[in-house]
Number of protein chains: 2
Amino acid sequence: MYKYEDNNYDPSFQLKNESIFMVGNGYVGIRGAFEEGYPTGDSIRGSYINGLYDRVEMVHAESAVGFPEEYDKQPKIADTQTCMVFLDGEPAQLVNTKYENYKRYVDYSNGETVRSYEFITRSNKRAYLTFRRLASFVYYNVASYRIEITYDGEIELLSVLDGDVRTYANPNDPRTSNEQKQLLKVKDLGENLDTTFLLMETGRTNLSQATLVKHIIISENEYTLENSIKDTKIETKITSNLHLVLDKVCVFTDSLRYTEPLRSAYETLEHLAYENYETLLEIQKNYLNDFWTNSGIEIYGNDNDQKSIRFMQYQLLQNVGIDSYSNVSAKGLSGEGYEGHYFWDTEIYIFPVLVVNQPQRAKSLLEYRYNILDSARKRSLELGHTKGAAYPWRTISGIECSGYFPASTAQYHINADIAYAFYMYYQYTNDILFMVEKGLEVIFETARIWIQIGNFFNGEFHIHEVTGPDEYTAIVSDNYFTNMMAKFNLEIAYKLYNYFSKIEDEVILEKFRVLVDKINLSEEEIEIMKKASDNMLLLYDSNLDIYAQDSTFLSKPMWNLDFDKRPLLLYYHPLTIYRYQILKQADVVLAHLLLEEYADLKKMENSYNYYEEITTHDSSLSYCIYGIMACRYKFLDKAYYYFIQSISLDLHDTHQNTKDGLHLANIGGTVLSIIQGFAGLRLQNDKLIIRPSVPEQWEGYSFKINFRDCVLDVKVEEEIIIRLIVGDKMNLLVYDKEYKVVKDKELRIPLAEDF
Amino acid sequence: MYKYEDNNYDPSFQLKNESIFMVGNGYVGIRGAFEEGYPTGDSIRGSYINGLYDRVEMVHAESAVGFPEEYDKQPKIADTQTCMVFLDGEPAQLVNTKYENYKRYVDYSNGETVRSYEFITRSNKRAYLTFRRLASFVYYNVASYRIEITYDGEIELLSVLDGDVRTYANPNDPRTSNEQKQLLKVKDLGENLDTTFLLMETGRTNLSQATLVKHIIISENEYTLENSIKDTKIETKITSNLHLVLDKVCVFTDSLRYTEPLRSAYETLEHLAYENYETLLEIQKNYLNDFWTNSGIEIYGNDNDQKSIRFMQYQLLQNVGIDSYSNVSAKGLSGEGYEGHYFWDTEIYIFPVLVVNQPQRAKSLLEYRYNILDSARKRSLELGHTKGAAYPWRTISGIECSGYFPASTAQYHINADIAYAFYMYYQYTNDILFMVEKGLEVIFETARIWIQIGNFFNGEFHIHEVTGPDEYTAIVSDNYFTNMMAKFNLEIAYKLYNYFSKIEDEVILEKFRVLVDKINLSEEEIEIMKKASDNMLLLYDSNLDIYAQDSTFLSKPMWNLDFDKRPLLLYYHPLTIYRYQILKQADVVLAHLLLEEYADLKKMENSYNYYEEITTHDSSLSYCIYGIMACRYKFLDKAYYYFIQSISLDLHDTHQNTKDGLHLANIGGTVLSIIQGFAGLRLQNDKLIIRPSVPEQWEGYSFKINFRDCVLDVKVEEEIIIRLIVGDKMNLLVYDKEYKVVKDKELRIPLAEDF
């Protein structure tokens, strides 16, 4: 139940499994490459630190104003994974005929990955090898390996700390980089007894990063340890007999967070003086016990789905940034697809999970957005606006890192997506101080952009030349999703302005006044925002009785070209794709997940049916949204179908690029498929509402909701059983009827057939 | 009258004047750099051969299917211009205090440029220097220099043939290249007595190019001549006393046109054995005499305008390609802007001049398009179409060379523009054989694209995701210009199919059948073309009573940002520009010049008034169209204003980039300003019509019209006097009334006030 296993070593899944078996903790991520190396096959042998970046020149075939001249790129940090194993001098590696009993798993209950096998030497002797690793959820700077060998003969381990690391490249796929780069280079290195270190520095941004490795040897027998420095790598050779256990305790630091990374790394190591792999694992286990208790989702009556959803929650834990220097990249810390960039995925697919489960961690994602607000203001000016903030479509440090503006910079909706997350956080936590200090500034500055890129025409507010989430249509007028999100962004700017300008708390009011002064926000401006929001055009087609994706979309022809060439973007010129009614991912349908209060339920359902037919799901962000919204319209079979698509995406590598890293948005979306999908959780007029349903493939499920000072436990089976496990009382709508949940009293409501 | 003069040497105009004083003949072009070199200041010291190209890698920040991976680029050929002058060892160059009586001019009557001055040496001695040059209009491979020095002392000339040539680059301007390239490299070189040669080869395309220089010395005194090879250049040192005349007769060949370029160059030189500069000039003069007689436009009562229009006609003669290997690049052979690429400029701005003046030369431009038809077919497949031909937006060899598809590949209208020129040629010449052998194939294959990128919706034919001529709006639906041109392309495909399939001439009919078979064209397909043409949506806005540029254009806001930052594309992100009702150039207005039969005159005029207000004329293709169409609506003052803007563009460098070459489309457009503008020449239902008017700044003007087997001389003063100078009779409409013009009988019609 609490393990994901893969006991069949197949080199053709090597790269995929490096992603699946990554270990990470939101700060550091280490792909699951083999310690002892591979005899054959590719490896993307990478370790990464969240938020660390170098800059790379961006060359345009034909440049224009506001096209980025350089972009952020996540470097590989020093590799700590290698530990070659020699048995009487013979290298132990996985070659078909020479091993037995291969086992590999990740254990969600204690947070380690384990790999073991029996190796048979050329002289037919048997050795027992076990490789364990973890990235500590408690000590974010720490990851550790344990290598244990039992062999009747001489055992030699060659542990390597390698500074010659280059980013992965695949020139044939626009979704990965097209050139290998050595971004971090060794600046200093050294060794002393059991400890080795590398201090590295990026070439353009001059950020430094330290890696410290301590070797702890547990052996009943005599052993030797010897370090040698070879150019930019340090090898530690350990020899013993019969049985040898090596713990490599690794500490990672960087100069974004530490003034002197190397010193801080040594301090951490000192602090950990008595910790070896075993004790770190114990701490890890306690942490996870708490996590699963307070945030774990249970699925009853379907072990496979239970395991899969655990995988998803676990990967969020491993890959979501833990501080304001970082966020969640498209592939988390598990690979190099999209070069470590942060997208809107965070706010729309991942943040809504965290705000329900771990509100403090959700907050740190917002802190990051606040930290890059000045960059977004600068970008706004670059784009020709006179005020406000235009958040970059993809970035690490805050600068726009997109090379193709029709599917990036034109996606202005990211501004509203971010504002949406700030408002959602506010509703879930009522954290007024955070709002007045940071949230409002982001909401006002993002709202300002809509006034500048939109215009009133015949009484309606239009927004031209934008791209919605569906990237198979670009640079259109009045994209439904964009207009709806803009309407919301403008509305909450207006609402919050009025609320805070009349707030009673003097301290908050003063802070609010300082903010309004700082950003020079006038009531006239707020009134224009209100007017734009009220008159925002949300296109509706009366012939089809559906909402229209944009002003021309429904007059385009249906796709009549080869449908098997997928994803389409790898086979067709953008103009060809743009010319048809064909979707990469949910657009109108997603708008209805986020803001159904602006729409009519029947028209929403009609729209779902229409757009579903023409969606390719070429984006990994699509299945989960169609699944969640299928629940809204009571298409439970369909919802379950999409749920299976979502859980299969990485686990069965259905998009065939899990090698480049896990699809974090899909992972968040899979968790949302239960919380917002089957359970139907929404915020509706600032109130929580659920509309639970259970697919026939399950007996039921349970999950937790953090809301303001309360935590709810919601169990959905034949009955819905709601318990308040933290807090005294809270209100909740179930199927549109309001209930008060109070401490120590279970609320039981029958599961509705027709909800 | 027949000269353009600039007798004031100002180094700050050096680059501009290198373009203005270029010599060329459609095959070779040599910029007007100084033979003796410059003491200071920049020079773009270039010579070019029309149609010669190398390929350069095209790097995209984010690539996609169908983005070019390499592009054509015009190389610099070997430089023949340099001839240093030493007077008693002192270099003669233009330094402020040391020369007098500087004169420079181009003589349109004999086709040479002349530059002379008196140079005062440090020892205060006076030398007389004259530099002449021409590119022969008769021997296309030949250009020649004559350098004449009179000096009471030792005269040394150092004539150079230089193979170390690199293309010009300006990384700050997207309209020029951003990297210097040495595209042609020396493969062989040699010297023998008075002759030197360089054989060069391109790096990627392996095209070779030979330059042969013969030194002819005319001197009353003794002289010496000595060649020396220095790496990739050859220096020829000539010394004499008192008076020295050196003719450098240069022969250029290339492997596009000649199997053995060097041998062919020697053959040409042999053929010219008795020609020196003087005899070449005589031949040149005869040629020009014929040209001005048969094609020259005269303006009466305004010397300045007369001179300017002569400049324009002369530059067409110098820069328009003369064979099917070449065309007219955006800058002709006068500079390196747009890297030597051919655009739609040819068909819409230049071809209509030639078809009236020099139909054979017009035909060779079409031959070029036919030659690259296979490339266009290949491009069509790259773009995801299953048949037809998609002409590249910019090219030399036929491949798409654009780096930014929204303002290039999306300009599908080039397909119809090319078809339009073929049809226009057919109407002017009735060259049925050419049509059945080449023209029809182009017209059918281009028409096929519209069926594939357009679709019927509610009974109307729509075309989505295209960009019209106005590049300040991109990727729109139902662009007015595009739809109108597509309508025409489809209509003539239908008409010509029906005409030729029933033609009586058996030979033509058989050729037609072979064609239809070859391209697999069915009657069903032709019927669909007819239906699409008949139902083509030409957007009209009833509120404004104007034609709408595209489906969303008129709902966008008016430009409210800084208007002085021009051209806008150098100051604003494309999305910002796209978001407003702001035009780079004529779009709807141009459509009405080409196809007024599809529109209503009053609505056309309203449209003109509307769009004129919001046009920046940031494109050099704009003034002339607004000028021509101003005549159509009887706004003669306005027409004259635009005429002045057009003639000033290069002559007064109003766009500040004449240094990169002459604006050939504007030059063609300026000539059209008289023929199609003031004279109002059109083809209307296959008949010629003129609607002459005379701006008050002139007393009148005259021009010639080649039409089928006739040549008309049209003189417009207080009366319109029409004479048939070749042919027996022809019909012509003047102000909508039909006249028959017959041999030896002047037709006199009063100039209308209200025409």
Across the range A:522-572, the tally of residues that are under 22 Å from A:H413 (Cα atoms), more than 9 Å from every other protein chain (Cβ to nearest Cβ), among the hydrophobic types (A, V, I, L, M, F, W, C) and open to solvent by 20 Å² or more (accessible area, probe 1.4 Å) stands at 4
Taking the range A:68-90 on its own, how many of its residues are under 30 Å from B:E179 (Cα atoms) and crowded, with 22+ Cβ neighbours inside 10 Å? 6
When you check B:L575 against the structure, is it within 12 Å of another protein chain (Cβ to nearest Cβ), in contact with a Lys or Arg (Cβ under 9 Å, 6 or more places away or on another chain), open to solvent by less than 40 Å² (accessible area, probe 1.4 Å) and not polar (S, T, N, Q), yes or no? no
Inside the range B:457-472, can you point out the residues that are in a loop (DSSP other than H, G, I, E, B) and within 9 Å of chain A (Cβ to nearest Cβ)? B:N458, B:H464, B:E465
Selection count where residues are over 21 Å from A:M22 (Cα atoms), of a type in the set (F, W, Y) and not in a helix (DSSP H, G or I), scope the range A:335-382: 2
Can you spot a residue in the range B:616-637 that is open to solvent by less than 30 Å² (accessible area, probe 1.4 Å), at pLDDT 95 or above and more than 28 Å from the chain's Cα centre (by Cα)? no
Answer yes or no: is there a residue in the range B:151-159 that is open to solvent by 40 Å² or more (accessible area, probe 1.4 Å) and part of a loop (DSSP other than H, G, I, E, B). no
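Answer yes or no as to whether A:L15 is within 19 Å of A:G335 (Cβ to Cβ) and either touching a residue at least 12 places away in the same chain (Cβ under 8 Å) or in contact with a Cys (Cβ under 9 Å, 6 or more places away or on another chain) (or both).
Numbers: within 19 Å of A:G335 (Cβ to Cβ): yes; either touching a residue at least 12 places away in the same chain (Cβ under 8 Å) or in contact with a Cys (Cβ under 9 Å, 6 or more places away or on another chain) (or both): yes.
The answer is yes for A:L15.
Kindly provide the set of residues from the range A:500-512 that are assigned to a helix (DSSP H, G or I), in contact (Cβ under 8 Å) with a residue 12 or more places away in the chain and not hydrophobic (A, V, I, L, M, F, W, C), ordered by number. Let's see the steps before the verdict.
Step one: of the range A:500-512, the residues assigned to a helix (DSSP H, G or I) are A:500-501, A:506-512.
This time we only want the ones that are in contact (Cβ under 8 Å) with a residue 12 or more places away in the chain, so: A:500-501, A:508, A:511-512.
A:S501, A:K511, listed by residue number.
For the range B:91-112, give me the residue count where each residue is of a type outside the set (A, V, I, L, M), part of a strand (DSSP E or B) and open to solvent by less than 10 Å² (accessible area, probe 1.4 Å). Break it down into steps so the answer makes sense when it comes.
Let us first name the residues in the range B:91-112 that are of a type outside the set (A, V, I, L, M), namely B:91, B:93, B:96-105, B:107-112.
Then keep just the ones that are part of a strand (DSSP E or B); that gives B:91, B:99-105, B:107, B:112.
Remaining after also requiring open to solvent by less than 10 Å² (accessible area, probe 1.4 Å): B:112.
Total satisfying the criteria: 1.
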In the range B:123-153, residue farthest from B:M200 (Cα to Cα) [restricted to those that are in contact with a strand residue (DSSP E or B) (Cβ under 6 Å, 6 or more places away or on another chain) and either of a type in the set (D, E) or free of Cβ contacts under 8 Å to residues at least 40 places away in the same chain (or both)]: B:R126
List the residue pairs whose Cβ atoms are under 7 Å apart, where the first residue sits in the range A:371-391 and is within 14 Å of chain B (Cβ to nearest Cβ) and farther than 16 Å from A:A416 by Cβ, the second is among the basic types (K, R) and open to solvent by less than 20 Å² (accessible area, probe 1.4 Å), and the two are 6 or more positions apart or on different chains. A:K387/A:R448
Candidate set from the range B:225-253 (those that are more than 14 Å from B:A210 (Cα to Cα) and among the charged types (D, E, K, R)); member that is most open to solvent (accessible area, probe 1.4 Å): B:D231
Looking for whichever is acidic (D, E), at negative phi, crowded, with 19+ Cβ neighbours inside 10 Å and not in a loop (DSSP other than H, G, I, E, B) here; the options are A:E18, A:E36. Which one fits? A:E18
Just a yes or no: is a residue in the range B:312-320 more than 30 Å from B:F707 (Cβ to Cβ) and either part of a loop (DSSP other than H, G, I, E, B) or hydroxyl-bearing (S, T, Y) (or both)? no
Of the numbered conditions (1) within 12 Å of chain B (Cβ to nearest Cβ); (2) in a helix (DSSP H, G or I); (3) surrounded by 24 or more Cβ atoms within 10 Å (Cβ to Cβ), A:F481 satisfies every one except a single condition; which is it? (1)
If B:V694 meets every condition in (1) buried (at least 18 other Cβ atoms within 10 Å of the Cβ); (2) in contact (Cβ under 8 Å) with a residue 60 or more places away in the chain apart from one, which number is that one? (2)
Could you grab me the full set of residues in the range A:392-413 that are open to solvent by less than 10 Å² (accessible area, probe 1.4 Å) and away from chain B (no Cβ under 14 Å)? A:T395, A:I396, A:G398
Do we find a residue being free of Cβ contacts under 8 Å to residues at least 40 places away in the same chain and open to solvent by 30 Å² or more (accessible area, probe 1.4 Å) anywhere in the range B:334-343? no
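Of the residues B:L681, B:L662, which single one is of a type in the set (A, V, I, L, M, F, W, C), open to solvent by less than 10 Å² (accessible area, probe 1.4 Å) and closer than 30 Å to B:Q14 by Cβ?
Values: B:L681 fails: closer than 30 Å to B:Q14 by Cβ.
Of the residues listed, the single one that is of a type in the set (A, V, I, L, M, F, W, C), open to solvent by less than 10 Å² (accessible area, probe 1.4 Å) and closer than 30 Å to B:Q14 by Cβ is B:L662.
Taking the range A:254-269, which residues are open to solvent by 80 Å² or more (accessible area, probe 1.4 Å) and not in a loop (DSSP other than H, G, I, E, B)?
Initially, the range A:254-269 is screened for residues open to solvent by 80 Å² or more (accessible area, probe 1.4 Å), giving A:259-260, A:263, A:266-267.
Across the range A:254-269, the qualifying residues are A:R263, A:Y266, A:E267.
Can you tell me which residue in the range B:574-614 is farthest from A:S477 (Cα to Cα), limited to those that are of a type in the set (S, T, N, Q) and touching a helix residue (DSSP H, G or I) at 6+ places or on another chain (Cβ under 7 Å)? Steps first, please.
Residues of the range B:574-614 of a type in the set (S, T, N, Q): B:576, B:581, B:585, B:606-607, B:609.
Pick out the ones that are also touching a helix residue (DSSP H, G or I) at 6+ places or on another chain (Cβ under 7 Å) and you get B:581, B:607.
Values: B:Q581: 13, B:S607: 23 Å.
By that ranking, first place goes to B:S607.
Looking at the range B:217-232, can you tell me whether even one residue there is closer than 13 Å to B:A78 by Cα, part of a strand (DSSP E or B) and free of Cβ contacts under 8 Å to residues at least 24 places away in the same chain?
Looking only at the range B:217-232, we keep the residues that are closer than 13 Å to B:A78 by Cα, and these are B:232.
The next check asks that each one be part of a strand (DSSP E or B); those that pass are none.
The answer is no; no qualifying residue exists.
Go through the range B:438-452 residue by residue and tally those that are surrounded by fewer than 23 Cβ atoms within 10 Å (Cβ to Cβ) and over 24 Å from B:N357 (Cβ atoms).
Qualifying residue count for the region: 3.
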A:L199 fails exactly one of the following numbered conditions: (1) over 21 Å from A:Q182 (Cβ atoms); (2) part of a strand (DSSP E or B). What is the number of that condition? (1)
Can you tell me which residue is farthest from A:G403 (Cα to Cα) among those in the range B:579-590 that are crowded, with 22+ Cβ neighbours inside 10 Å and within 11 Å of chain A (Cβ to nearest Cβ)? B:Y580
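Which of the residues that make up the range A:447-456 are among the aromatic types (F, W, Y) and away from chain B (no Cβ under 11 Å)? Reasoning before the result, please.
Filtering the range A:447-456 down to residues among the aromatic types (F, W, Y) leaves A:450, A:456.
Of everything in the range A:447-456, just one residue is among the aromatic types (F, W, Y) and away from chain B (no Cβ under 11 Å), namely A:W450.
Determine which member of the set A:E62, A:E69, A:E35 is within 14 Å of another protein chain (Cβ to nearest Cβ), under 28 Å from the mean Cα position of the chain (by Cα) and farther than 16 Å from A:T658 by Cα.
Working: A:E62 fails: under 28 Å from the mean Cα position of the chain (by Cα); A:E35 fails: within 14 Å of another protein chain (Cβ to nearest Cβ).
That would be A:E69, the only listed residue that is within 14 Å of another protein chain (Cβ to nearest Cβ), under 28 Å from the mean Cα position of the chain (by Cα) and farther than 16 Å from A:T658 by Cα.
Determine, yes or no, whether A:I432 is away from chain B (no Cβ under 14 Å) and open to solvent by 10 Å² or more (accessible area, probe 1.4 Å).
Considered against the rule, which asks whether it is away from chain B (no Cβ under 14 Å) and open to solvent by 10 Å² or more (accessible area, probe 1.4 Å), A:I432 comes out as yes.
The values are calculated or read from the model by the stated rules, or taken from the named source; none is laboratory data. Bear in mind that the values here come from a model prediction, so they are computed numbers and not experimental data. All Cβ positions, even for glycine, are placed from backbone atoms using ideal geometry, and neighbour counts span all protein chains on display. Heavy atoms of the whole protein, side chains included, go into the accessibility calculation; ligands, DNA and RNA do not. Shrake-Rupley method; radii C 1.70, N 1.55, O 1.52, S 1.80 Å.
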